[in-house]
1. Would you point out the residue of the stretch 5-20, among those that are closer than 12 Å to residue 39 by Cβ and without any contact (Cβ under 8 Å) to a residue 40 or more places away in the chain, that is surrounded by the most Cβ atoms within 10 Å (Cβ to Cβ)?
2. Picking from 86, 82, 110, 69, which residue would you name as being in the same structural domain as residue 10 (by TED's automatic domain parsing), surrounded by 10 or more Cβ atoms within 10 Å (Cβ to Cβ) and within 30 Å of residue 7 (Cβ to Cβ)?
3. Within the stretch 32-47, can you find the residues that are part of a helix (DSSP H, G or I) and at pLDDT below 90?
4. Within the stretch 68-75, does at least one residue satisfy the condition of being without any contact (Cβ under 8 Å) to a residue 12 or more places away in the chain, assigned to a helix (DSSP H, G or I) and over 25 Å from the mean Cα position of the chain (by Cα)?
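The values are calculated or read from the model by the stated rules, or taken from the named source; none is laboratory data. Remember, predicted model here, so these are calculated numbers, not experimental data. Reconstructed Cβ throughout: ideal geometry from the backbone, glycine too, with neighbour counts over all protein chains shown.
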């Protein structure tokens with residue numbers, strides 16, 4: 001079986017050697033064998049494992065989730081468990097997308113309201129106008145020109 005040093009593994013995966021050592025230290029990547037001179041020696045499977053880790057992180061998996069998902073030996077994948085986890089992550093991403101879409105729409109509306117400032121109104125007055133329209137001012141604060149205090 002062909003083995004490689006960390007530099008070659010880093011080059012083949014596009015990951016920094018420090019990142020590879022980190023994944024090894026936290027148990028996401030199997031511990032490398034040591035050569036007589038002390039250099040780490042990684043098997044070919046390490047390329048696949050690191051690519052899986054990097055891809056999963058880009059997809060939003062945390063290191064803890066990856067630790068639970070990835071088997072020590074890639075030959076021991078639990079097909080049904082893997083699919084269930086991937087489906088749950090997809091649902092989580094869909095919920096996040098929906099929330100981000102809503103946040104974007106609300107921010108766009110806020111920008112539009114701020115940009116619609118009447119020419120004869122100063123910035124503070126415009127802020128009160130916008131907050132009032134968004135129902136973020138209480139009646140007392142609106143009359144006094146102060147923002148409402150958050151309720152605990």
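1. Going through the stretch 5-20, the residues closer than 12 Å to residue 39 by Cβ turn out to be 5-9, 17.
So of that shortlist, the ones also without any contact (Cβ under 8 Å) to a residue 40 or more places away in the chain come out as 5-8, 17.
Details: 5: 15, 6: 20, 7: 12, 8: 12, 17: 14.
Looking at the filtered set, the residue picked out is 6.
2. Sole residue among the options that is in the same structural domain as residue 10 (by TED's automatic domain parsing), surrounded by 10 or more Cβ atoms within 10 Å (Cβ to Cβ) and within 30 Å of residue 7 (Cβ to Cβ): 69.
3. Across the stretch 32-47, the qualifying residue is only 45.
4. Yes.
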